Amino acid sequence: FAAIPVDDLGRLTGEALADARTGNRARSERAMTRLREVFGVGASYQYAEIYAQLGNKDLAFVELQNAVAAKDPGLVDLRIDPFLDPIPGDPPYAALVRKLNFPS
């Protein structure tokens, strides 16, 4: 990630996800704080991915709802995103897929 500009969406998201996956919660949350400073609600989908990887399903679903409200383009990956893998079996996930009218 060092070759990518510091405040790039992909870099900040990637660093937060990598840190979440390797158990560095504090560093992951710092990257997410910077994401919020730079991108605000425009990165709601990415926050959902990070929260899912941190094991915080409730906040992941809150951010997915924020992503819907913001019309976040990341939602197109909802059904195939491996970073959301911890949540597809949860009822709120199924409700969101129905709400977005994704094909079965």
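Points worth noting:
- Total formal charge among the other residues, if their Cβ is under 9 angstrom from that of ARG27, Lys/Arg +1 and Asp/Glu -1: -1
- Solvent-accessible area of the chain (1.4 angstrom probe, protein heavy atoms only): carbon and sulfur portion equals 56 percent.
- Taking a sphere under 10 Å around the Cβ of ILE4 and counting the other residues whose Cβ falls inside, with K and R at +1 and D and E at -1, yields a net charge of -2.
- Among 57-67, 19-29, the order from most to least packed when residues are scored by Cβ within 10 Å on average: 57-67, 19-29
- Estimated inter-spin distance, VAL76 and ARG25, nm [label 7 Å along Cα→Cβ]: 3.5 nm
- For the chain, the average shadow cast by the Cα convex hull is 6.3 nm², which is a quarter of the hull's surface.
- Accessible area of the chain divided out per residue, in Å², using a probe of 1.4 angstrom: 56 Å²
- Helix axis angle, 25-39 relative to the chain longest principal axis, alpha carbon, degrees: 80 degrees
- Local electrostatic count, ASP90, Cβ distance below 11 Å [Lys/Arg +1, Asp/Glu -1]: 0
- Whole-Hz couplings from phi, Karplus 6.51/-1.76/1.60, listed for region 65-78; x for Gly and Pro: 5, 4, 5, 4, 4, 7, 6, 5, x, x, 4, 4, 8, 3
- Applying the Karplus relation 6.51 cos²θ - 1.76 cosθ + 1.60 with θ = phi - 60° to region 6-20 yields 3J(HN,Hα) values of 3, 9, 5, 4, x, 5, 4, 5, x, 5, 5, 5, 4, 5, 4 Hz, where x marks Gly and Pro.
- Annotation for region 4-46 versus region 59-103: alpha-carbon center distance of 18 Å.
The values are calculated or read from the model by the stated rules, or taken from the named source; none is laboratory data. Predicted model, so just to flag it, every value in this text is computed and none were measured. Backbone-built Cβ (ideal geometry, glycine too); neighbour counts: all protein chains shown. Heavy atoms of the whole protein, side chains included, go into the accessibility calculation; ligands, DNA and RNA do not. Shrake-Rupley method; radii C 1.70, N 1.55, O 1.52, S 1.80 Å.
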